[in-house]
Amino acid sequence: MVMYNTYKQNAYYDSVTLMLFSSKLASVEGIKDAAVMMGTDHNKSLMMKSGILTEELARSITPNDLVIGIRGEGDDHIQQALKVLEEQFENKRQSVAGDERIRAKTLESAVKQLGNPNFAVISLPGKFAGDEAMKAMKNGMHVLLFSDNVSIEEENRLKDYAVEHQLLMMGPDCGTAIVNGAALGFANVVPQGNIGVVAAAGTGLQEVSVLIGRMGGGISQALGTGGRDVKEEVGGKMMLLALNALNNDPQTQVIGIVSKPPSPSVMQRILNLIQNFQKPVVACFLGGDEKLVAGAGVVAAETLREAASYLVDLSQGRQPQKLPDEDVDGIVAGERAKYAASQRYVRGLYSGGSLCYESMLLLEKEIGGIYSNIAHGEYELKDVESSKGNTLIDMGDDYFTDGMPHPMIDPRLRAERIKREAQDESVAVMLLDCVLGYGAHENPAGAIADAIHAARGSGKNYITYIVSVCGTDADRQNRGSQEKILRDAGAIVMPSNQQAALLAAKILKQKAE
Amino acid sequence: MNEINQLFDSKLICVNLGLERFFEAMCDQNLRAAHVDWKPPAGGDVRLMEILRKLNS
């Protein structure tokens, strides 16, 4: 076995481009492992652990350098891989040079070329993202700041400027927005309508907008704030600004709020604002008590699906109605009959943080404490690489995305984890999300199906795979075809994240009884 | 009408900095858009960046 290492100084490529380069290298005959990554500490450590980077070389590499590590059967294979990599660099250079669409070297030059842009989407590494976001706002643009690892001081600096100049500054760590029908970041193709939503929860906003469309409603605007916005330190600056804008928007007749429970002082500010609204408001504070909004004239929803349903009812002039429970007893009995005595637990592997959080809350209520990397206290999973008992993992968490593409874009880490969890003889149910839409992987169901097949081939026990698809038939991946791929792989496909989690809970609860 | 409500009433003209797939999405939706082939300022030198930031503020 031969290992080859090199690096290019000050060569920047985004993580998705590098993911493609790495996959091309890994598929060359005789190559056992390969990675092309920016030289962040996290990436260097991953490459050293995989045995494709020496400690000595790692010391001289900075985060601005591009690191290449290859392990192969012989020198010929390494040379072939390097040739493939050179072709990739050249293809990239040519595709940029031959692109007739507008490309610019700097934000200032993009502004000149476009004339009068009104919106910027920024997904640069966190330490550079704030300065570019400020520049965009100073040029009169509203901003969706996708990047994470932006400090809270920077967030406040940006949002103070935004509030003063009445600009949207969605994020940091904001994945989704739909503005005047345009889907930005990770967003789905949903019908336009009269429901406006503000969310401090990215995939929560995707799930609600998708379900609204499926239930016959439509979206006027869907605005994200970034999860930290509703915390004391930021004070709900963007939540309040966005709610005001929706209240003043003639297209918006009904307003939805989706978030984890805000800090008490932020909650008070939100309630003070919306109690003067003439438009009906539905609030889904995941994990919050309905009493939080009591007396404020707000309709409280416990889950994302319930929020979507109440919003559609109100948008069509109906009183909000509770959704009936679904009869899944047949599925539950059928699955339980297939388990060995040792199988007792659920393992959830999510690409969407809010979907993971909603499932955790629903399962906790039904079957008790759930270990997770997003839980606090007793059930916080200290070692995210090792599940125990009932465990749900948010694989979009910083631990997994530092220098790596988000799992909604790159499904490989989750596929590996599915195979690993399936080896555990105590696992009965695996819960997964499959998020479609702009920005997301072109065939996430295919990646899940391949992982299920591989897991079934190597695991000892029968495992129930429950998946919910967050997407629409108008998304480029097409919800119908994605669901078919999952069913063909033997998964049970539920129509929403809530229903998927509740089915898992019923299976495990009845098994325990 | 304030800036945000004006935006709700306008066709979006977008600049994308970062992941190219978000630029692809803008183009797929026929939005007028530009992608910035971004490189770290000052070659990513944090101290030099700080000096530039002070000069520009």
query = Given A:363, A:355, which one is within 30 Å of residue A:46 (Cα to Cα), in a helix (DSSP H, G or I), under 21 Å from the mean Cα position of the chain (by Cα) and at pLDDT 95 or above?
reply = A:355
query = Within the range A:157-169, is even one residue more than 11 Å from every other protein chain (Cβ to nearest Cβ), under 17 Å from residue A:122 (Cβ atoms), modelled with pLDDT of 95 or more and open to solvent by less than 30 Å² (accessible area, probe 1.4 Å)?
reply = yes
query = Right, residue A:350: under 30 Å from residue A:476 (Cβ atoms), of a type in the set (Phe, Trp, Tyr) and open to solvent by less than 30 Å² (accessible area, probe 1.4 Å) or not?
reply = yes
request  = Could you please find all residues in the range A:291-309 being modelled with pLDDT under 80 and part of a helix (DSSP H, G or I)?
outcome  = A:292
key: Subset tally (residues that are within 28 Å of the chain's Cα centre (by Cα), more than 7 Å from chain B (Cβ to nearest Cβ) and part of a helix (DSSP H, G or I)) for the range A:106-135   = 7
task = Please enumerate the residues belonging to the range A:373-383 that are open to solvent by less than 20 Å² (accessible area, probe 1.4 Å) and either touching a helix residue (DSSP H, G or I) at 6+ places or on another chain (Cβ under 9 Å) or not assigned by TED's automatic domain parsing to the domain that holds residue A:344 (or both).
result = A:375
key: From A:71, A:103, residue being assigned to a strand (DSSP E or B), in contact with an Asp or Glu (Cβ under 8 Å, 6 or more places away or on another chain) and over 30 Å from residue A:134 (Cα atoms)   = A:71
key: Cross-chain or 6+ apart pairs with Cβ under 6 Å, the range A:234-253 first and at the interface with chain B (Cβ under 10 Å from one of its Cβ atoms), then open to solvent by less than 10 Å² (accessible area, probe 1.4 Å) and assigned to a loop (DSSP other than H, G, I, E, B)   = A:246/A:252
inquiry  = Please go through (1) in contact with a Ser or Thr (Cβ under 9 Å, 6 or more places away or on another chain); (2) open to solvent by 10 Å² or more (accessible area, probe 1.4 Å) for residue A:131 and return the number of the only condition it doesn't satisfy.
reply    = (1)
request  = Go through the range A:443-478 residue by residue and tally those that are part of a loop (DSSP other than H, G, I, E, B) and either at pLDDT 95 or above or open to solvent by less than 10 Å² (accessible area, probe 1.4 Å) (or both).
outcome  = 11
query = Only one of (1) part of a helix (DSSP H, G or I); (2) free of Cβ contacts under 8 Å to residues at least 24 places away in the same chain fails for residue A:341. Which number is that?
reply = (1)
ask   = Within the range A:307-322, can you find the residues that are open to solvent by 60 Å² or more (accessible area, probe 1.4 Å) and over 16 Å from residue A:213 (Cβ atoms)?
value = A:317, A:318, A:319, A:321, A:322
note = Matching residues in the range A:141-156 (without any contact (Cβ under 8 Å) to a residue 40 or more places away in the chain and more than 8 Å from chain B (Cβ to nearest Cβ)) number 5
query = Does residue A:100 satisfy the criteria of being at pLDDT 90 or above and either open to solvent by 30 Å² or more (accessible area, probe 1.4 Å) or aromatic (Phe, Trp, Tyr) (or both)?
reply = no
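The values are calculated or read from the model by the stated rules, or taken from the named source; none is laboratory data. These figures come from a predicted structure and were not determined experimentally. FYI the Cβ positions are ideal-geometry reconstructions off the backbone, even for glycines, and counts take in every protein chain you see. For accessibility, only protein heavy atoms count, side chains too; no ligands or nucleic acids. Shrake-Rupley method; radii C 1.70, N 1.55, O 1.52, S 1.80 Å.
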